[in-house]
Amino acid sequence: MGLFSNSVEDEVIVSGSFPESNPFGLVVNGEQNSVLLHLINSGEKNYTLVSASASYHDVNNHWALVKNASTLRYGVPLVSGSNFSAPFQVYSEFRPQDIGLTVWVNLAEPGSTALHSITALNQTVSVVEPSSSWLDPQLLFLWLLIGSALTAGAYFAYDLFLRPKGKKRGPRGSGKKDKAKAVVPADQDKHAYPDVKPYEEEWIPEHHLKSRASKLKKREAGAGVSSAGEEVTSGGEVTSGAETSGAEGKTRRRKSKKA
């Protein structure tokens with residue numbers, strides 16, 4: 001906290017201080033740092049608080065000017081015997097270090113354009129970086145970008161070096177499909193089916209062949225019985241053996257009568 005007054009304007013006392021939330025007077029980079037300006041008019045003249053300004057200085061080089069800071073305009077009257085406090089803010093983009101800070105106010109008498117500058121704060125402050133938080137949106141977005149880049153790189157490396165190399169498949173419909181070939185017995189005419197491959201009985205199990213042979217024998221036996229019991233006449237009619245023997249008996253009887 002500083003308490004200074006201009007020799008010309010000794011009627012007005014001006015001072016500046018940091019709020020109670022910042023007791024060590026830290027200036028955080030990238031943030032608006034609050035400073036309270038206190039003004040007391042103990043004289044008989046009225047004044048007007050026109051504006052307030054700030055500047056940074058090099059503490060190791062005889063308080064040399066480093067940079068002019070922000071300026072805030074007020075236009076608030078400061079009548080005789082009154083006092084009030086005005087808010088002010090300073091902004092910093094320096095690397096963390098100790099630096100000099102000077103804050104002053106500009107006063108003017110009624111009806112005059114001449115300004116009277118009175119220093120309110122002139123001290124060394126510490127410039128610090130803002131404390132990081134996991135809930136900071138900018139920090140979360142940064143971590144999201146880094147995670148996406150790492151995931152993409154890992155997938156590219158896996159696809160390039162670790163994924164097993166399989167057979168490449170051509171486009172659909174490009175592969176030629178083998179046509180299924182019908183199979184017929186070997187004893188049939190090959191000229192009737194030029195594209196059909198006959199099968200061979202060597203690979204057929206023996207019990208299947210035996211069952212098929214027994215079925216053929218049964219069919220042949222049934223056909224023999226039918227041929228033995230029936231006869232075909234010259235007219236194409238089928239007659240049984242009994243009918244044939246009866247007819248032969250009648251013929252023999254007729255021949256015996258004639259004789």
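The values are calculated or read from the model by the stated rules, or taken from the named source; none is laboratory data. Here the structure is a predicted model, which is why all the values come from computation and not from measurement. Glycine also receives a Cβ, built like all others from the backbone with ideal geometry; neighbour counts cover every protein chain displayed.
Exactly one residue among SER126, SER131, SER117, SER85 is at pLDDT below 85, of a type in the set (S, T, N, Q) and out of contact with any Gly (no Cβ under 6 Å at 6 or more places or on another chain), and that residue is SER131. Tell me which residues, restricted to the range 69-90, are part of a strand (DSSP E or B) and out of contact with any Phe, Trp or Tyr (no Cβ under 8 Å at 6 or more places or on another chain). Answer for the range 69-90, where residues must be part of a strand (DSSP E or B) and out of contact with any Phe, Trp or Tyr (no Cβ under 8 Å at 6 or more places or on another chain): THR71, ARG73, TYR74, GLY75, ASN83, PHE84, SER85, PRO87, PHE88, GLN89, VAL90.
The set of residues from the range 58-71 being over 46 Å from the mean Cα position of the chain (by Cα) and either over 26 Å from GLU11 (Cβ atoms) or modelled with pLDDT of 95 or more (or both) comprises ASP58, VAL59, ASN60, ASN61, HIS62, TRP63, ALA64, LEU65, VAL66, ASN68. The one condition from (1) within 22 Å of GLY111 (Cβ to Cβ); (2) at pLDDT 90 or above; (3) surrounded by 12 or more Cβ atoms within 10 Å (Cβ to Cβ) that ASN29 does not meet is (1). The set of residues from the range 50-65 being touching a Gly at 6+ places or on another chain (Cβ under 8 Å), part of a strand (DSSP E or B) and farther than 17 Å from LEU36 by Cα comprises TYR56, HIS57, ASP58.
When you scan the range 27-37, do you find a residue that is farther than 14 Å from THR119 by Cα, free of Cβ contacts under 8 Å to residues at least 12 places away in the same chain and either within 57 Å of the chain's Cα centre (by Cα) or not in a strand (DSSP E or B) (or both), even just one?
Within the range 27-37, none of the residues are farther than 14 Å from THR119 by Cα, free of Cβ contacts under 8 Å to residues at least 12 places away in the same chain and either within 57 Å of the chain's Cα centre (by Cα) or not in a strand (DSSP E or B) (or both).
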